[in-house]
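The values are calculated or read from the model by the stated rules, or taken from the named source; none is laboratory data. Just so we're clear, the structure is a prediction, and the values are computed from it rather than from any experiment. Neighbour counts run over all protein chains shown; Cβ positions are idealised from the backbone, glycine included. Ligands, DNA and RNA are excluded from the accessible area calculation, which covers all protein heavy atoms including side chains. Shrake-Rupley method; radii C 1.70, N 1.55, O 1.52, S 1.80 Å.
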Amino acid sequence: MNIVCENPLNPCQDPTIPTANYSSEAADVDLFFAQYWRSPWCRGTCVSSISQEDANLCAARHSVEECQPDPPRPPNPPPPPDDPPNPRDLIFYNREQTCISTCHDGLTFSYTVRAGVFAARYNQATADAEAYSYACNQARERRICLGSLPAETCSGAAFSESIPKSGGADGTWSMQSGELPTGLTLNTDTGVISGTPTVPGSYTFTVRFTSDEDGDFMEKVYTMCVVDIRWDSQPFGTPLEDATVNEDYNLTFNAPGCAIAPLSYQVVSGSLPTGMTLNESTGALSGAPSVTGTFAFTIRVQTQAT
């Protein structure tokens, strides 16, 4: 895997393997049925039969190994005990370096260069700096970020939302922990969550996207509240109790505790019995009806999110 800066036609390639991955360190140039990329630090071309990542590392290594002011020297015999080594004859290998790239929501994507990938003469800091610079470039280019989902949805209403994503090209989606609201499913190919939620309450779940190209992944934790409306904590859909003329009547409509306050309750169709009122802030229905008859009405709860 060696190449000299003065020879542009000597690639880092295993001649026994016909297929190769080329360094992506510069613009591509057509070369028969393939392409190659030149390293920006010297005139050589890096080609790897192992992986694209290996080709990239090869090109990056040459910026240190081959493009220093002097060509590499063969090892010198050990100096006498009283003669300190010449710094120009020392080779330093990088220590493990990790760089972090941050998504807009604060989630982080990291890339790590293992120890011993980059070599440099003169000092340890140069080898570490090259490795860290490469790690940061890769973290920025390969970063995957996941967007938000609605914090609330209504019980019994159709739901369909695609999880926003940037980076990672094609890949697969999966549930890592927790559960989706009852009635919803995740499409592992598209990242769309859809269905009709049927059970109110708060749900917390973790979704992962994994890139098909290189196995990079990002996970994000979501919390979703399924909202319904009920009275005096009775099960959803329980009929209201009948009222008696000229007698006080009291009950309170409420939503699940996960509903985002402030809440507002309104009559959106029909009318309340004469003499009764609805408190829009508390959901309390009260009063003494003064007229007999059957009254049909629809009450809606409005949350901060909806």
Residue tally, condition hydrophobic (A, V, I, L, M, F, W, C), part of a strand (DSSP E or B) and surrounded by fewer than 19 Cβ atoms within 10 Å (Cβ to Cβ), over the stretch 190-229: 3
Qualifying positions in the stretch 147-178 - under 17 Å from Gly106 (Cβ atoms) and outside any loop (DSSP other than H, G, I, E, B): Lys165, Ser166
Condition check for Thr274: assigned to a strand (DSSP E or B) and more than 30 Å from Ser177 (Cβ to Cβ): no
Identity of the residue in the stretch 230-258, among the aliphatic types (A, V, I, L, M) and closer than 25 Å to Gln304 by Cβ, that ends up surrounded by the most Cβ atoms within 10 Å (Cβ to Cβ): Ala255
The stretch 259-301, subset open to solvent by 60 Å² or more (accessible area, probe 1.4 Å) and within 34 Å of the chain's Cα centre (by Cα), residue farthest from Glu152 (Cα to Cα): Pro262
